[in-house]
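The values are calculated or read from the model by the stated rules, or taken from the named source; none is laboratory data. Keep in mind that this is a model prediction, so the values were computed, not measured. Because the Cβ atoms are built from the backbone with ideal geometry, glycine has one as well, and the counts that use them run over all protein chains shown. Quick note on the areas: whole protein, heavy atoms, side chains included, nothing else; ligands and nucleic acids left out. Shrake-Rupley method; radii C 1.70, N 1.55, O 1.52, S 1.80 Å.
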Amino acid sequence: MTDTLELSHWIDGDRVGGDRPAESRNPSDTREVVARTPDGSAADVDDAVAAAKAAFPAWADASPEARSDVLDRAGTLLMERKEEVGRLLSREEGKTLPEGIGETARAARILKYFAGEALRLHGQNLASTRPGVEIQTYRQPVGVYGLITPWNFPIAIPAWKAAPALAFGNTVVLKPAGPTPATAEALVAILHEAGLPKGVLNMVIGRGGVGQAIVDHKDIVGVSFTGSQSVGAGVAAGAVKRQARVQLEMGGKNPLIVLDDADLERAVNIALDGSFFATGQRCTASSRLIVQDGVHDKFVALLAEKVAALRVGDALDPNSQIGPAVSEAQMETSYTYADIARGEGARIVTGGDRLKLDKPGWYVQPTLIADTAADMRINNEEVFGPVASTIRVKSYEEALEIANGVEFGLSAGIVTSSLKHARDFQRRAKAGMTMVNLPTAGVDYHVPFGGTKSSSYGAREQGFAAAEFFTQIKTSYSAG
Ligand code: UN1
(Lines give C-alpha, C1' and ligand atoms only; values in the text may rest on other atoms or scores of the structure.)
Protein backbone atom coordinates (compact mmCIF):
# COMPACT_ATOMS: atom_id res chain seq x y z
CA MET A 1 0.00 0.00 0.00
CA THR A 2 1.11 3.53 -0.67
CA ASP A 3 0.66 6.65 1.42
CA THR A 4 -2.56 8.58 1.27
CA LEU A 5 -2.19 12.09 -0.18
CA GLU A 6 -3.69 15.01 1.73
CA LEU A 7 -5.00 17.41 -0.91
CA SER A 8 -6.25 20.99 -0.83
CA HIS A 9 -7.85 23.44 -3.20
CA TRP A 10 -5.54 25.77 -5.10
CA ILE A 11 -6.66 29.37 -4.68
CA ASP A 12 -4.55 32.43 -5.52
CA GLY A 13 -1.36 30.41 -5.81
CA ASP A 14 -1.72 28.59 -2.50
CA ARG A 15 -3.03 25.29 -1.25
CA VAL A 16 -6.13 26.17 0.74
CA GLY A 17 -8.58 24.07 2.77
CA GLY A 18 -7.37 21.78 5.53
CA ASP A 19 -10.66 20.08 6.28
CA ARG A 20 -10.74 16.83 4.27
CA PRO A 21 -14.01 14.92 4.58
CA ALA A 22 -13.87 13.39 1.07
CA GLU A 23 -11.55 10.81 -0.45
CA SER A 24 -10.62 9.02 -3.64
CA ARG A 25 -10.03 5.27 -3.58
CA ASN A 26 -7.99 2.91 -5.67
CA PRO A 27 -10.50 1.03 -7.86
CA SER A 28 -8.02 -1.85 -8.20
CA ASP A 29 -8.02 -2.32 -4.42
CA THR A 30 -10.76 -0.40 -2.70
CA ARG A 31 -9.11 -0.76 0.72
CA GLU A 32 -6.59 1.85 -0.38
CA VAL A 33 -7.42 5.54 -0.01
CA VAL A 34 -5.44 7.42 -2.67
CA ALA A 35 -6.25 10.92 -1.45
CA ARG A 36 -8.22 12.76 1.18
CA THR A 37 -9.71 16.01 -0.06
CA PRO A 38 -11.81 19.00 0.92
CA ASP A 39 -15.43 19.07 -0.20
CA GLY A 40 -15.65 22.52 -1.76
CA SER A 41 -18.51 24.97 -1.45
CA ALA A 42 -19.87 27.91 -3.43
CA ALA A 43 -17.83 30.15 -1.10
CA ASP A 44 -14.64 28.40 -2.23
CA VAL A 45 -15.67 28.99 -5.85
CA ASP A 46 -16.22 32.68 -5.00
CA ASP A 47 -12.69 32.91 -3.60
CA ALA A 48 -11.22 31.11 -6.61
CA VAL A 49 -13.09 33.33 -9.09
CA ALA A 50 -12.04 36.48 -7.20
CA ALA A 51 -8.39 35.37 -7.42
CA ALA A 52 -8.73 34.51 -11.12
CA LYS A 53 -10.41 37.83 -11.84
CA ALA A 54 -7.68 39.79 -10.04
CA ALA A 55 -4.97 37.87 -11.91
CA PHE A 56 -6.59 38.32 -15.34
CA PRO A 57 -5.39 41.82 -16.43
CA ALA A 58 -1.68 41.11 -15.88
CA TRP A 59 -1.85 37.64 -17.43
CA ALA A 60 -3.84 38.87 -20.42
CA ASP A 61 -1.26 41.63 -20.97
CA ALA A 62 1.74 39.36 -20.42
CA SER A 63 3.90 38.72 -23.44
CA PRO A 64 2.77 35.58 -25.27
CA GLU A 65 6.36 34.45 -24.86
CA ALA A 66 6.01 34.56 -21.06
CA ARG A 67 2.84 32.45 -21.25
CA SER A 68 4.50 30.09 -23.70
CA ASP A 69 7.51 29.64 -21.43
CA VAL A 70 5.37 28.60 -18.45
CA LEU A 71 3.48 26.00 -20.50
CA ASP A 72 6.68 24.73 -22.07
CA ARG A 73 8.40 24.35 -18.68
CA ALA A 74 5.34 22.62 -17.22
CA GLY A 75 5.31 20.24 -20.20
CA THR A 76 8.97 19.40 -19.60
CA LEU A 77 8.42 18.81 -15.86
CA LEU A 78 5.39 16.64 -16.48
CA MET A 79 7.22 14.58 -19.11
CA GLU A 80 10.12 14.07 -16.70
CA ARG A 81 7.67 12.80 -14.09
CA LYS A 82 5.41 10.81 -16.37
CA GLU A 83 6.13 7.51 -14.58
CA GLU A 84 5.34 8.94 -11.15
CA VAL A 85 2.25 10.90 -12.22
CA GLY A 86 1.11 8.09 -14.53
CA ARG A 87 1.30 5.69 -11.61
CA LEU A 88 -0.81 8.02 -9.48
CA LEU A 89 -3.30 8.26 -12.37
CA SER A 90 -3.54 4.48 -12.68
CA ARG A 91 -3.96 4.08 -8.91
CA GLU A 92 -6.73 6.63 -8.86
CA GLU A 93 -8.57 6.00 -12.13
CA GLY A 94 -7.84 2.32 -12.76
CA LYS A 95 -6.46 2.36 -16.30
CA THR A 96 -3.37 0.18 -16.72
CA LEU A 97 0.05 1.64 -16.00
CA PRO A 98 1.09 1.94 -19.68
CA GLU A 99 -2.24 3.72 -20.32
CA GLY A 100 -1.68 5.98 -17.27
CA ILE A 101 1.86 6.87 -18.30
CA GLY A 102 0.76 7.31 -21.91
CA GLU A 103 -1.99 9.71 -20.90
CA THR A 104 0.44 11.70 -18.74
CA ALA A 105 2.87 12.00 -21.64
CA ARG A 106 -0.03 13.13 -23.81
CA ALA A 107 -0.89 15.85 -21.26
CA ALA A 108 2.75 16.98 -21.30
CA ARG A 109 2.70 17.20 -25.09
CA ILE A 110 -0.57 19.17 -24.97
CA LEU A 111 1.11 21.75 -22.71
CA LYS A 112 4.00 22.00 -25.17
CA TYR A 113 1.70 22.23 -28.17
CA PHE A 114 -0.16 25.17 -26.63
CA ALA A 115 3.15 26.77 -25.64
CA GLY A 116 3.61 27.07 -29.41
CA GLU A 117 0.04 28.14 -30.06
CA ALA A 118 0.44 31.06 -27.62
CA LEU A 119 2.91 32.54 -30.11
CA ARG A 120 1.00 31.59 -33.23
CA LEU A 121 -2.26 33.29 -32.28
CA HIS A 122 -3.11 35.66 -35.08
CA GLY A 123 -5.80 37.75 -36.68
CA GLN A 124 -6.48 38.93 -40.20
CA ASN A 125 -6.00 42.03 -42.29
CA LEU A 126 -8.81 42.88 -44.68
CA ALA A 127 -9.50 45.67 -47.13
CA SER A 128 -12.48 47.81 -46.27
CA THR A 129 -15.29 48.52 -48.70
CA ARG A 130 -14.37 52.17 -48.15
CA PRO A 131 -11.24 53.60 -49.80
CA GLY A 132 -8.41 54.42 -47.39
CA VAL A 133 -9.84 52.32 -44.59
CA GLU A 134 -8.14 49.20 -43.24
CA ILE A 135 -9.59 46.47 -41.10
CA GLN A 136 -7.75 44.20 -38.71
CA THR A 137 -9.10 41.42 -36.56
CA TYR A 138 -7.44 40.45 -33.28
CA ARG A 139 -8.08 37.49 -31.04
CA GLN A 140 -8.13 38.71 -27.46
CA PRO A 141 -8.31 36.96 -24.07
CA VAL A 142 -11.80 36.93 -22.62
CA GLY A 143 -11.59 36.54 -18.84
CA VAL A 144 -12.11 33.84 -16.23
CA TYR A 145 -13.04 30.39 -17.59
CA GLY A 146 -14.60 27.58 -15.58
CA LEU A 147 -13.42 24.08 -16.52
CA ILE A 148 -15.35 21.02 -15.38
CA THR A 149 -13.50 17.82 -16.18
CA PRO A 150 -14.29 14.08 -16.07
CA TRP A 151 -12.52 11.20 -14.33
CA ASN A 152 -11.76 9.06 -17.39
CA PHE A 153 -8.91 11.23 -18.67
CA PRO A 154 -8.01 12.82 -15.35
CA ILE A 155 -4.90 14.64 -16.60
CA ALA A 156 -5.24 14.89 -20.40
CA ILE A 157 -8.63 16.61 -20.35
CA PRO A 158 -7.73 19.19 -17.64
CA ALA A 159 -4.59 19.84 -19.73
CA TRP A 160 -6.42 20.21 -23.02
CA LYS A 161 -8.87 22.69 -21.53
CA ALA A 162 -6.47 24.62 -19.26
CA ALA A 163 -3.56 24.87 -21.72
CA PRO A 164 -5.41 26.84 -24.43
CA ALA A 165 -7.25 28.93 -21.84
CA LEU A 166 -3.92 29.94 -20.30
CA ALA A 167 -1.95 30.18 -23.55
CA PHE A 168 -4.35 32.79 -24.90
CA GLY A 169 -4.26 34.93 -21.74
CA ASN A 170 -7.32 33.84 -19.76
CA THR A 171 -7.42 32.76 -16.14
CA VAL A 172 -9.08 29.60 -14.86
CA VAL A 173 -11.11 27.93 -12.14
CA LEU A 174 -10.92 24.15 -12.52
CA LYS A 175 -13.20 21.58 -10.91
CA PRO A 176 -11.72 18.09 -11.30
CA ALA A 177 -13.94 15.01 -11.22
CA GLY A 178 -14.79 13.55 -7.81
CA PRO A 179 -13.05 10.17 -8.28
CA THR A 180 -9.76 11.62 -9.59
CA PRO A 181 -8.72 14.82 -7.76
CA ALA A 182 -5.11 13.78 -7.09
CA THR A 183 -4.17 13.44 -10.75
CA ALA A 184 -5.59 16.87 -11.60
CA GLU A 185 -3.84 18.33 -8.56
CA ALA A 186 -0.51 17.04 -9.87
CA LEU A 187 -1.05 19.05 -13.06
CA VAL A 188 -2.01 22.22 -11.20
CA ALA A 189 1.00 21.88 -8.87
CA ILE A 190 3.39 21.42 -11.81
CA LEU A 191 2.05 24.49 -13.61
CA HIS A 192 2.72 26.54 -10.46
CA GLU A 193 6.18 25.03 -10.14
CA ALA A 194 6.77 26.07 -13.76
CA GLY A 195 6.18 29.70 -12.81
CA LEU A 196 2.49 30.34 -13.36
CA PRO A 197 1.64 33.58 -11.50
CA LYS A 198 -0.67 33.25 -8.54
CA GLY A 199 -4.39 33.31 -9.18
CA VAL A 200 -4.05 32.46 -12.90
CA LEU A 201 -5.09 28.83 -12.36
CA ASN A 202 -7.27 27.88 -9.40
CA MET A 203 -8.76 24.52 -8.52
CA VAL A 204 -11.74 23.77 -6.30
CA ILE A 205 -12.29 20.13 -5.38
CA GLY A 206 -15.84 19.06 -4.68
CA ARG A 207 -19.10 17.65 -5.93
CA GLY A 208 -21.92 18.89 -8.14
CA GLY A 209 -22.46 22.01 -6.02
CA VAL A 210 -19.02 23.27 -7.02
CA GLY A 211 -19.81 22.71 -10.69
CA GLN A 212 -23.13 24.50 -10.32
CA ALA A 213 -21.46 27.46 -8.57
CA ILE A 214 -19.02 27.70 -11.50
CA VAL A 215 -21.81 27.55 -14.07
CA ASP A 216 -23.80 30.23 -12.23
CA HIS A 217 -20.96 32.58 -11.32
CA LYS A 218 -21.45 36.00 -12.89
CA ASP A 219 -17.69 36.56 -13.30
CA ILE A 220 -17.03 33.38 -15.25
CA VAL A 221 -17.15 34.22 -18.95
CA GLY A 222 -17.18 30.68 -20.30
CA VAL A 223 -17.59 27.09 -19.14
CA SER A 224 -15.94 24.11 -20.81
CA PHE A 225 -17.40 20.80 -19.68
CA THR A 226 -16.70 17.15 -20.47
CA GLY A 227 -18.98 14.59 -18.89
CA SER A 228 -22.38 13.03 -19.15
CA GLN A 229 -25.17 14.26 -21.34
CA SER A 230 -27.58 14.79 -18.45
CA VAL A 231 -25.16 16.99 -16.50
CA GLY A 232 -24.12 18.73 -19.72
CA ALA A 233 -27.68 19.78 -20.44
CA GLY A 234 -27.83 21.57 -17.08
CA VAL A 235 -24.44 23.20 -17.64
CA ALA A 236 -25.58 24.57 -21.00
CA ALA A 237 -28.90 25.82 -19.66
CA GLY A 238 -27.22 27.59 -16.73
CA ALA A 239 -24.51 29.18 -18.86
CA VAL A 240 -26.82 30.32 -21.64
CA LYS A 241 -29.20 31.87 -19.11
CA ARG A 242 -26.52 34.37 -18.16
CA GLN A 243 -25.04 34.57 -21.69
CA ALA A 244 -21.77 32.89 -20.83
CA ARG A 245 -19.89 30.90 -23.44
CA VAL A 246 -20.32 27.17 -23.20
CA GLN A 247 -18.59 24.18 -24.72
CA LEU A 248 -19.75 20.63 -24.00
CA GLU A 249 -18.23 17.24 -24.79
CA MET A 250 -20.57 14.44 -23.83
CA GLY A 251 -21.28 10.87 -24.68
CA GLY A 252 -20.96 8.63 -27.67
CA LYS A 253 -22.39 5.40 -29.01
CA ASN A 254 -19.69 5.10 -31.58
CA PRO A 255 -20.13 2.69 -34.50
CA LEU A 256 -17.40 0.63 -36.08
CA ILE A 257 -18.45 -0.81 -39.44
CA VAL A 258 -16.68 -3.95 -40.66
CA LEU A 259 -17.27 -4.69 -44.35
CA ASP A 260 -16.84 -8.03 -46.11
CA ASP A 261 -13.71 -6.76 -47.85
CA ALA A 262 -11.95 -5.87 -44.57
CA ASP A 263 -8.71 -7.46 -43.47
CA LEU A 264 -10.38 -9.54 -40.78
CA GLU A 265 -7.43 -9.89 -38.41
CA ARG A 266 -6.97 -6.14 -38.52
CA ALA A 267 -10.68 -5.50 -37.97
CA VAL A 268 -10.69 -7.72 -34.89
CA ASN A 269 -7.69 -5.90 -33.39
CA ILE A 270 -9.23 -2.50 -34.13
CA ALA A 271 -12.46 -3.55 -32.42
CA LEU A 272 -10.59 -5.01 -29.45
CA ASP A 273 -8.69 -1.77 -28.91
CA GLY A 274 -11.59 0.61 -29.54
CA SER A 275 -14.14 -1.29 -27.49
CA PHE A 276 -12.19 -2.63 -24.52
CA PHE A 277 -8.91 -0.82 -23.88
CA ALA A 278 -8.99 1.80 -21.12
CA THR A 279 -11.78 -0.45 -19.75
CA GLY A 280 -14.14 0.96 -22.40
CA GLN A 281 -14.27 4.18 -20.39
CA ARG A 282 -13.73 6.50 -23.33
CA CYS A 283 -16.44 8.62 -24.88
CA THR A 284 -14.84 7.62 -28.17
CA ALA A 285 -15.08 3.86 -27.45
CA SER A 286 -16.48 1.63 -30.22
CA SER A 287 -19.61 0.22 -28.65
CA ARG A 288 -21.57 -0.81 -31.77
CA LEU A 289 -19.80 -3.20 -34.12
CA ILE A 290 -21.78 -3.21 -37.35
CA VAL A 291 -20.63 -6.22 -39.34
CA GLN A 292 -21.48 -7.32 -42.88
CA ASP A 293 -23.00 -10.74 -43.43
CA GLY A 294 -20.10 -12.35 -45.27
CA VAL A 295 -17.62 -11.95 -42.39
CA HIS A 296 -20.00 -11.62 -39.45
CA ASP A 297 -19.74 -15.07 -37.91
CA LYS A 298 -16.01 -15.32 -38.35
CA PHE A 299 -15.51 -11.82 -36.94
CA VAL A 300 -17.62 -12.54 -33.86
CA ALA A 301 -15.81 -15.83 -33.23
CA LEU A 302 -12.34 -14.33 -33.59
CA LEU A 303 -13.18 -11.28 -31.49
CA ALA A 304 -14.84 -13.37 -28.78
CA GLU A 305 -11.72 -15.48 -28.48
CA LYS A 306 -9.57 -12.38 -27.97
CA VAL A 307 -12.02 -10.73 -25.58
CA ALA A 308 -12.21 -13.85 -23.42
CA ALA A 309 -8.41 -13.96 -23.27
CA LEU A 310 -8.05 -10.34 -22.03
CA ARG A 311 -6.37 -10.27 -18.64
CA VAL A 312 -8.36 -8.10 -16.24
CA GLY A 313 -6.53 -7.10 -13.09
CA ASP A 314 -4.90 -4.51 -10.86
CA ALA A 315 -4.01 -1.47 -12.94
CA LEU A 316 -0.42 -1.55 -11.64
CA ASP A 317 0.16 -5.23 -12.36
CA PRO A 318 2.26 -5.43 -15.55
CA ASN A 319 0.32 -8.52 -16.49
CA SER A 320 -3.03 -6.67 -16.64
CA GLN A 321 -4.43 -5.61 -20.00
CA ILE A 322 -7.69 -4.19 -18.66
CA GLY A 323 -7.97 -2.32 -15.36
CA PRO A 324 -11.09 -2.04 -13.21
CA ALA A 325 -14.00 0.37 -13.68
CA VAL A 326 -13.46 3.66 -11.88
CA SER A 327 -16.24 3.13 -9.35
CA GLU A 328 -18.82 0.72 -8.11
CA ALA A 329 -21.50 2.62 -10.01
CA GLN A 330 -19.62 2.27 -13.32
CA MET A 331 -19.06 -1.43 -12.66
CA GLU A 332 -22.76 -1.90 -11.94
CA THR A 333 -23.72 -0.04 -15.12
CA SER A 334 -21.79 -2.55 -17.24
CA TYR A 335 -23.47 -5.53 -15.58
CA THR A 336 -26.86 -3.86 -15.76
CA TYR A 337 -26.50 -3.37 -19.52
CA ALA A 338 -25.46 -7.01 -19.99
CA ASP A 339 -28.71 -7.93 -18.24
CA ILE A 340 -30.70 -5.43 -20.29
CA ALA A 341 -29.27 -6.93 -23.49
CA ARG A 342 -30.10 -10.45 -22.33
CA GLY A 343 -33.62 -9.30 -21.58
CA GLU A 344 -33.89 -7.79 -25.06
CA GLY A 345 -33.09 -11.19 -26.56
CA ALA A 346 -29.44 -10.64 -27.40
CA ARG A 347 -26.79 -13.32 -26.98
CA ILE A 348 -23.86 -12.82 -24.59
CA VAL A 349 -20.98 -14.35 -26.49
CA THR A 350 -18.43 -13.83 -23.75
CA GLY A 351 -18.37 -12.04 -20.37
CA GLY A 352 -21.42 -10.58 -18.70
CA ASP A 353 -20.92 -12.44 -15.44
CA ARG A 354 -19.53 -10.97 -12.26
CA LEU A 355 -15.79 -11.15 -11.88
CA LYS A 356 -14.20 -11.83 -8.51
CA LEU A 357 -10.45 -11.41 -8.20
CA ASP A 358 -8.13 -11.91 -5.24
CA LYS A 359 -8.65 -8.35 -3.99
CA PRO A 360 -11.62 -6.05 -3.58
CA GLY A 361 -11.87 -3.97 -6.74
CA TRP A 362 -14.45 -2.77 -9.24
CA TYR A 363 -13.54 -5.30 -11.91
CA VAL A 364 -15.69 -5.96 -14.94
CA GLN A 365 -15.52 -8.93 -17.25
CA PRO A 366 -15.11 -7.66 -20.83
CA THR A 367 -18.38 -8.47 -22.53
CA LEU A 368 -19.25 -9.11 -26.16
CA ILE A 369 -22.92 -9.24 -27.10
CA ALA A 370 -24.16 -10.55 -30.47
CA ASP A 371 -27.44 -10.90 -32.36
CA THR A 372 -28.61 -7.44 -31.37
CA ALA A 373 -31.02 -5.19 -33.26
CA ALA A 374 -30.26 -1.54 -33.91
CA ASP A 375 -33.20 -0.30 -31.88
CA MET A 376 -32.34 -2.18 -28.67
CA ARG A 377 -31.34 -0.14 -25.63
CA ILE A 378 -27.88 -1.73 -25.69
CA ASN A 379 -27.35 -0.05 -29.08
CA ASN A 380 -28.65 3.37 -28.14
CA GLU A 381 -27.52 4.14 -24.59
CA GLU A 382 -23.95 4.76 -23.55
CA VAL A 383 -22.56 2.08 -21.20
CA PHE A 384 -19.08 3.52 -20.60
CA GLY A 385 -17.54 0.17 -19.78
CA PRO A 386 -15.90 -2.82 -21.50
CA VAL A 387 -19.07 -3.85 -23.28
CA ALA A 388 -19.65 -3.98 -27.05
CA SER A 389 -22.43 -5.37 -29.21
CA THR A 390 -22.53 -6.58 -32.78
CA ILE A 391 -25.21 -5.87 -35.37
CA ARG A 392 -25.42 -7.95 -38.56
CA VAL A 393 -26.05 -6.07 -41.82
CA LYS A 394 -26.42 -7.02 -45.47
CA SER A 395 -24.82 -4.02 -47.17
CA TYR A 396 -22.72 -0.91 -46.73
CA GLU A 397 -25.80 1.29 -47.10
CA GLU A 398 -27.59 -0.55 -44.32
CA ALA A 399 -24.47 -0.29 -42.14
CA LEU A 400 -24.25 3.46 -42.71
CA GLU A 401 -27.91 3.98 -41.90
CA ILE A 402 -27.55 2.11 -38.61
CA ALA A 403 -24.27 3.87 -37.81
CA ASN A 404 -26.02 7.23 -38.21
CA GLY A 405 -29.22 6.16 -36.50
CA VAL A 406 -28.49 7.11 -32.88
CA GLU A 407 -28.70 10.41 -31.05
CA PHE A 408 -24.93 10.60 -30.58
CA GLY A 409 -22.32 11.51 -33.19
CA LEU A 410 -18.83 11.70 -31.73
CA SER A 411 -16.56 9.26 -33.57
CA ALA A 412 -17.38 6.71 -36.28
CA GLY A 413 -15.15 4.09 -37.86
CA ILE A 414 -15.04 1.75 -40.82
CA VAL A 415 -12.75 -1.16 -41.62
CA THR A 416 -12.62 -1.77 -45.35
CA SER A 417 -10.22 -2.11 -48.26
CA SER A 418 -12.60 -0.23 -50.54
CA LEU A 419 -11.58 3.33 -51.25
CA LYS A 420 -15.06 4.03 -52.56
CA HIS A 421 -16.74 3.03 -49.30
CA ALA A 422 -14.09 4.66 -47.13
CA ARG A 423 -14.48 7.98 -48.94
CA ASP A 424 -18.26 7.81 -48.92
CA PHE A 425 -18.20 7.04 -45.19
CA GLN A 426 -15.97 10.04 -44.45
CA ARG A 427 -18.50 12.29 -46.17
CA ARG A 428 -21.74 10.77 -44.92
CA ALA A 429 -21.03 9.54 -41.39
CA LYS A 430 -22.88 11.83 -38.98
CA ALA A 431 -20.01 12.18 -36.53
CA GLY A 432 -17.46 14.83 -35.63
CA MET A 433 -14.58 12.43 -36.25
CA THR A 434 -14.29 9.57 -38.73
CA MET A 435 -11.74 6.78 -38.66
CA VAL A 436 -10.83 4.56 -41.61
CA ASN A 437 -9.08 1.32 -40.65
CA LEU A 438 -8.48 2.74 -37.16
CA PRO A 439 -10.22 2.43 -33.78
CA THR A 440 -12.84 5.09 -33.02
CA ALA A 441 -10.90 5.95 -29.85
CA GLY A 442 -7.38 7.25 -29.51
CA VAL A 443 -7.16 10.69 -31.04
CA ASP A 444 -4.25 13.04 -31.72
CA TYR A 445 -3.83 16.07 -29.46
CA HIS A 446 -3.00 18.70 -32.06
CA VAL A 447 -6.17 18.58 -34.20
CA PRO A 448 -9.80 19.54 -33.48
CA PHE A 449 -11.82 17.19 -31.30
CA GLY A 450 -15.60 17.07 -31.04
CA GLY A 451 -18.84 15.56 -32.19
CA THR A 452 -22.22 16.24 -33.70
CA LYS A 453 -25.80 15.80 -32.43
CA SER A 454 -26.04 15.06 -28.68
CA SER A 455 -22.31 14.39 -28.34
CA SER A 456 -21.06 17.95 -28.39
CA TYR A 457 -22.22 21.53 -28.17
CA GLY A 458 -20.34 24.71 -28.94
CA ALA A 459 -16.91 25.31 -30.43
CA ARG A 460 -14.47 22.47 -31.06
CA GLU A 461 -11.72 21.64 -28.58
CA GLN A 462 -8.00 21.16 -29.24
CA GLY A 463 -5.64 21.95 -32.06
CA PHE A 464 -6.02 25.23 -33.95
CA ALA A 465 -9.77 25.15 -33.20
CA ALA A 466 -9.22 25.78 -29.47
CA ALA A 467 -8.71 29.50 -30.11
CA GLU A 468 -12.36 29.81 -31.08
CA PHE A 469 -13.66 29.16 -27.58
CA PHE A 470 -10.83 30.71 -25.58
CA THR A 471 -10.49 34.05 -27.39
CA GLN A 472 -12.80 36.74 -28.67
CA ILE A 473 -12.36 38.49 -31.99
CA LYS A 474 -12.09 42.26 -32.07
CA THR A 475 -12.58 44.00 -35.42
CA SER A 476 -10.62 47.26 -35.70
CA TYR A 477 -11.20 49.83 -38.46
CA SER A 478 -8.71 52.60 -39.18
CA ALA A 479 -8.27 55.38 -41.68
CA GLY A 480 -4.91 57.08 -42.22
C1 UN1 B 1 -9.40 9.49 -27.03
O2 UN1 B 1 -10.16 8.64 -27.49
O3 UN1 B 1 -8.17 9.44 -27.24
O4 UN1 B 1 -13.86 11.60 -22.50
C5 UN1 B 1 -9.85 10.67 -26.25
C6 UN1 B 1 -13.42 11.06 -23.50
C7 UN1 B 1 -13.00 11.95 -24.63
C8 UN1 B 1 -11.56 11.81 -24.97
C9 UN1 B 1 -11.25 10.61 -25.78
N10 UN1 B 1 -13.30 13.31 -24.30
O11 UN1 B 1 -13.33 9.85 -23.56
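Here are the numbers for the structure shown:
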item	result
Percentage of interatomic Cα-Cα distances in region 254-436 larger than 27 Å	22
Cα-only radius of gyration and Dmax that characterise the chain, units Å	22.9, 79
Principal axes of region 154-194: Cα extent on each, largest first, Å	29, 19, 16
Charge tally in the Cβ shell below 15 Å around A48, where Lys, Arg are +1 and Asp, Glu are -1, A48 excluded	-4
Sparse-neighbour loop sites [trypsin sites (Lys or Arg not before Pro); region 77-118; at most 16 other C-beta within 10 Å; DSSP]	R81
Those trypsin sites (Lys or Arg not before Pro) in region 334-366 that DSSP places in a loop and that have at most 15 other beta carbons within 10 Å	R354, K356
Normalised convex hull volume, region 107-261, alpha-carbon set, Å³ per residue	205
Sulfur and carbon atoms: percent of accessible area, the chain [1.4 Å]	50
Under the Karplus curve 6.51 cos²θ - 1.76 cosθ + 1.60, θ = phi - 60°, whole-Hz ³J(HN,Hα) for region 306-314, x wherever Gly or Pro sits	6, 5, 5, 8, 4, 8, 8, x, 3
Environment charge at S68 (Cβ cut-off 12 Å; Lys +1, Arg +1, Asp -1, Glu -1)	0
Contour excess over end-to-end distance, with Cα ends at F464 and A373 and 0.36 nm allotted per residue	28.8 nm
The chain: calculated mean residue ellipticity at 222 nm from DSSP helix runs of at least 4, using -39500 (n - 2.57)	-12500 deg cm²/dmol
Hydrodynamic radius by Kirkwood, which averages 1/r over all alpha carbon pairs of region 332-467, in angstrom	16.7
Per-residue ³J(HN,Hα) for region 183-195, Karplus 6.51 cos²θ - 1.76 cosθ + 1.60, θ = phi - 60°, Hz, x for Gly and Pro	5, 5, 4, 4, 5, 5, 5, 5, 5, 5, 4, 7, x
Computed lengthening from A309 to H446, 0.36 nm per intervening residue step minus Cα-Cα distance	45.9 nm
Cα centroid separation, region 79-136 to region 286-312 (Å)	35
Cα Rg over Rh - region 407-480, Kirkwood	1.17
Cβ-derived FRET efficiency at R0 56 Å, S63 paired with R242, nearest 0.05	0.95
Cβ-based net charge around K198, under 10 Å, with every Lys or Arg adding one and every Asp or Glu removing one	-2
